[in-house]
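Only one structure is covered here, and it is reproduced in the block below.
Here, each number is a calculation from the coordinates, and none is a lab measurement. Quantities reported herein were computed from a predicted structural model and do not represent experimental measurements. Ideal geometry is used to build each Cβ from the backbone, glycine not excepted, and the neighbour counts take in all protein chains shown.
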Amino acid sequence: MLEIINLHARVGDKQILNGISLQVRVGEVHAIMGPNGSGKSTLAQVLAGHPAYEVTAGQATFQGRDLLDLEPEERARAGLFLAFQYPVEIPGVSNAYFLRAALNEIRKARGQEELDPIDFMDLAEEKLKLVEWGPDILSRAVNAGFSGGEKKRNEILQMAVLEPTLAILDETDSGLDIDALRIVAEGVNRLRRPDNATVVVTHYQRLLNYIVPDFVHVIAAGRIVRSGGRELALELEAKGYEWLTEAVPA
Amino acid sequence: MSPSPESSVESLVNREYQYGFVTDIESESLPPGLNEDVVRTISAKKQEPAWMTEWRLKAYRRWLEMKEPHHWANVSYPVIDYQKIIYYSAPRTAKPLGSLAEVDPELLRTYEKLGIPLSEQKLFAGVAVDAIFDSVSVATTFKETLRKQGIVFCSMNEAIREHPDLVQAYLGSVVPPNDNFFAALNAAVFSDGSFVYIPKGVRCPMELSTYFRINTADTGQFERTLIVADEGATVSYLEGCTAPKRDTNQLHAAVVELVALRGATIKYSTVQNWYAGDAEGKGGIYNFVTKRGKCAGDDSKISWTQVETGSAITWKYPSVILQGDRSVGEFYSVAVVNGKQQADTGTKMIHVGRDTRSTIVSKGISAGQGNNSYRGLVKVLGRASGARNYTQCDSMLIGNRCGAHTFPYIDVQNPTAAVEHEASTSKIGEDQIFYLKQRGLNTENAISMIVNGFCKEVFKELPMEFAVEAQKLLGVSLEGSVG
Ligand SMILES: Nc1ncnc2c1ncn2[C@@H]1O[C@H](COP(=O)(O)OP(=O)(O)OP(=O)(O)O)[C@@H](O)[C@H]1O
Ligand SMILES: [Mg+2]
């Protein structure tokens with residue numbers, strides 16, 4: 001579904017990604033871990049097409065299409081979803097209005113009919129259950145004045161509504177209390193289908209008890225320095241990153 | 001690569017001005033220039049009574065003694081030669097019209113093209129329209145329906161002839177002819193406008209609306225609107241405007257007076273989309289307007305809502321004199337400037353009565369090389385115990401070449417008054433746009449959504465029909481995010 005080969009990227013003069021290669025197939029869950037500032041969010045943003053990041057080498061294909069050639073909204077419409085590490089506030093625009101506009105763009109791209117506000121509310125109510133939220137959140141402005149944890153949960157609500165084929169969750173677990181962590185993780189698990197895939201960026205092996213990954217990758221200094229199975233996360237928890245990063249030239 | 005937020009908003013706001021066409025209709029115009037004879041001729045053409053001619057002449061003589069307020073507002077423009085302006089122009093067919101059937105079909109087509117069909121069955125249900133073409137009112141719809149409730153809705157001209165006592169009692173009572181340079185000019189040469197009277201206790205059953213259109217080249221438009229809501233009456237009034245694209249500047253110096261008696265409510269909404277000039281700043285309307293309301297009675301309320309997107313220069317401060325005790329004044333404004341547009345707009349709230357309250361919400365959006373200034377005065381007189389004002393003034397910048405300025409003036413002479421002012425300036429963020437694009441919206445819709453959210457507190461004050469108009473103007477889909 002997603003194939004990344006030797007991806008290099010920079011922001012301004014600063015080179016951040018130094019040759020990332022990664023393959024994600026349908027049905028899989030991949031976890032990405034690594035020290036602060038190693039390039040995890042950059043990878044996610046580059047895949048989503050943030051204009052501040054410049055790809056200097058390498059390729060990425062998504063469902064057979066050249067991902068890097070697509071506008072961010074085309075990537076979204078093709079089924080790529082990024083749950084932001086820092087979700088953005090859009091004052092004055094209600095969550096419901098925003099979600100329906102986004103969903104209708106994606107439905108149009110899939111050749112489905114657009115939903116009117118009434119049908120949308122029915123669907124939204126179903127999705128709210130998944131994140132154990134009441135309908136009040138729909139009338140609030142997008143992320144404006146949300147607590148850190150609420151913003152993260154709102155990302156998962158959006159994911160539930162948009163039903164992406166590839167979801168990249170960038171530290172969605174950070175800042176969540178214990179109950180919220182369970183709710184978010186269960187939500188993500190229930191959204192798993194044989195024909196979609198999930199990439200979770202996290203610092204905590206705790207999350208991986210809920211969302212069990214097929215693969216764990218460690219990024220350091222813009223490269224994947226180690227890949228393994230579920231047990232790699234436990235090993236990292238015990239030993240930290242140093243034993244992996246020491247060998248890597250900065 | 002995706003376009004920068006600046007370029008896409010510019011293309012959005014810069015979309016070809018779609019109301020820039022000229023109607024090919026024979027019109028009767030006076031030669032350019034202004035003197036006492038021109039004032040008398042205008043008055044004569046309108047078959048006005050002697051008191052009205054005198055009123056105009058007095059204003060004209062005052063105007064001669066006044067100076068244009070060139071350095072007051074934060075705008076600049078070349079000196080206007082008042083002898084080069086045409087002060088009267090009317091479609092040649094314009095005689096007092098008995099019914100819509102008598103309106104020139106070319107004029108009806110013009111309004112259809114502007115999206116304002118004048119035939120009553122095609123109109124928005126529940127909106128009565130007075131259409132002003134150059135200097136004269138060409139049609140007023142739903143007059144009969146309104147007359148049954150004692151409501152007067154007609155051209156100012158007709159009001160001067162048919163309701164002289166009402167006109168004499170209120171004309172100039174809020175904006176006296178000597179109020180300011182442009183108000184004096186207007187008083188001398190105003191050619192038409194709308195007049196509304198809502199009798200005691202009547203709630204006007206439909207939105208009343210005036211649609212202004214400048215057609216003839218080099219014509220100034222000087223309309224005058226007077227709205228009187230008698231005790232306990234309620235009315236909502238809408239004003240819309242467009243003009244053809246021309247490469248010379250045209251002057252629009254209107255006066256609007258509102259009078260709310262005891263317990264009355266007047267809501268006045270404007271969507272202003274005059275031609276703004278081209279990208280180099282050539283042409284466009286100079287919009288120098290005096291709008292003022294008087295809450296004359298206790299417990300009365302006047303609310304101004306404006307969405308200003310057009311004109312080369314906008315200079316306007318819809319104001320409220322809060323004379324009655326417990327009266328309420330409101331001002332909700334969205335002003336958008338782009339290209340080389342300049343806007344200096346805001347409000348004045350003058351608290352005279354006890355326990356009077358005013359609210360000001362101003363949203364300025366600047367793009368291109370546009371320059372947007374908010375200028376607001378909150379004045380609390382000695383007698384106005386318990387007066388309250390809340391002002392919120394937000395600016396949004398799109399790009400690096402535009403400007404936003406805020407000039408709040410506060411003058412409080414009563415120690416029990418509470419005046420609160422909040423201001424913010426923000427830049428439309430690349431991260432906001434990217435976030436929305438990541439959810440499937442294109443850049444244009446993303447910017448629309450962000451700008452629309454920014455203006456929400458104002459848009460929700462607009463009547464439904466106008467909210468739709470405002471949404472179109474900003475290229476914004478408002479559905480669901482309003483109300
Ligand atoms: N827009 C930017 N401008 C300047 N530097 C940036 C920008 N984005 C990322 N960086 C830098 O690139 C490096 C990688 O950042 P990135 O956000 O990808 O790290 P991360 O692995 O997600 O870290 P964390 O675990 O703290 O979230 C950091 O040194 C960061 O400061
Ligand atoms: Mg990160």
With Cα coordinates, the longest principal axis of chain A makes an angle with the long axis of helix A:148-162, in degrees rounded to 10, of 70 degrees
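Hey, with R₀ at 22 Å, roughly what FRET efficiency would A:TYR86 and A:VAL11 work out to, going by the Cβ-Cβ distance, to 0.05? Intermediate results must be reported in sequence, preceding the final value.
On the way: r = 15 Å, r/R0 = 0.70.
Computed FRET efficiency for A:TYR86 and A:VAL11 comes out at 0.90.
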Per 10 angstrom bin, beginning at 0 and ending with the bin that holds the maximum distance, the Cα pairs of region A:2-245 fall in percents of 7, 31, 37, 20, 4, 0
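How high is the relative contact order of chain A, in percent, with contacts defined as C-alpha pairs under 8 Å that are six or more residues apart? Could you put the intermediate results ahead of the total?
Working: 445 pairs, mean separation 66.4, N = 250.
Dividing the mean separation by the residue count of chain A yields 27 percent.
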B:GLU430 and B:TYR409 label points (each 7 Å along its Cα→Cβ direction) are spaced in nm at 4.1 nm
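What FRET efficiency would be calculated for the residue pair A:ARG140, A:TRP243, taking the C-beta separation as r and a Förster radius of 45 Å, to the nearest 0.05?
Details: r = 45 Å, r/R0 = 1.01.
In this case the efficiency is close to 0.50.
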Taking a crude spin-label model, label points 7 Å out from Cα along the C-beta direction, the B:HIS163 to B:TYR390 distance in nm is 3.4 nm
Of A:ASN36, A:ASN143, A:ASN95, the most mobile residue in a GNM of chain A (C-alpha springs, cutoff 10 Å) is A:ASN36
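All other residues with a Cβ under 13 Å from the Cβ of A:ALA44 taken together, and with Lys, Arg as +1 and Asp, Glu as -1, what is their net charge?
Working: positive: A:LYS40, A:ARG75; negative: A:GLU155, A:ASP170, A:GLU171.
Net of charged neighbours comes to -1.
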With Cα coordinates, the longest principal axis of chain A makes an angle with the long axis of helix A:117-130, in degrees rounded to 10, of 50 degrees
Inter-chain shielding metric for A:92-104, i.e. average beta-carbon neighbours from other chains within 10 angstrom, reads 6
Of A:ASP136, A:ASP116, A:ASP13, the most mobile residue in a GNM of chain A (C-alpha springs, cutoff 10 Å) is A:ASP13
Label model pair B:ARG401, A:SER174: point-to-point distance (7 angstrom along the Cα→beta-carbon line) in nm is 3.9 nm
Per GNM of chain A with C-alpha springs under 10 angstrom, the most fluctuating residue out of A:ALA233, A:ALA31, A:ALA141 is A:ALA141
Plugging the Cβ-Cβ distance of B:HIS421 and B:ARG61 into 1/(1 + (r/R0)^6) at R0 = 41 Å yields, to the nearest 0.05, a FRET efficiency of 0.55
The farthest towards the positive end of the charge dipole of region A:123-250, of the residues A:ILE156, A:GLY175, A:TYR204, given +1 on Cβ of Lys and Arg and -1 on Cβ of Asp and Glu, is A:ILE156
For chain A, longest principal axis from Cα atoms; helix A:230-239 axis from its Cα atoms; angle between them, nearest 10 degrees, is 60 degrees
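Just counting partner chain Cβ atoms within 10 Å, what average do the residues of peptide A:157-164 show around their Cβ? It would help to have the intermediate numbers written out before the result.
On the way: counts 0, 2, 0, 0, 1, 2, 0, 0.
Other-chain Cβ atoms within 10 Å of each residue's Cβ, averaged: 1.
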Which of B:LYS340/B:LYS456; B:LYS316/B:LYS437; B:LYS84/B:LYS348 exceed 30 Å between C-alpha atoms? The answer is B:LYS316/B:LYS437; B:LYS84/B:LYS348
Taking the alpha-carbon centre of each part, the distance from region A:36-68 to region B:149-183 in Å is 66 Å
Reduced to Cα centres, the span from region A:176-199 to region A:132-154 in Å works out to 17 Å
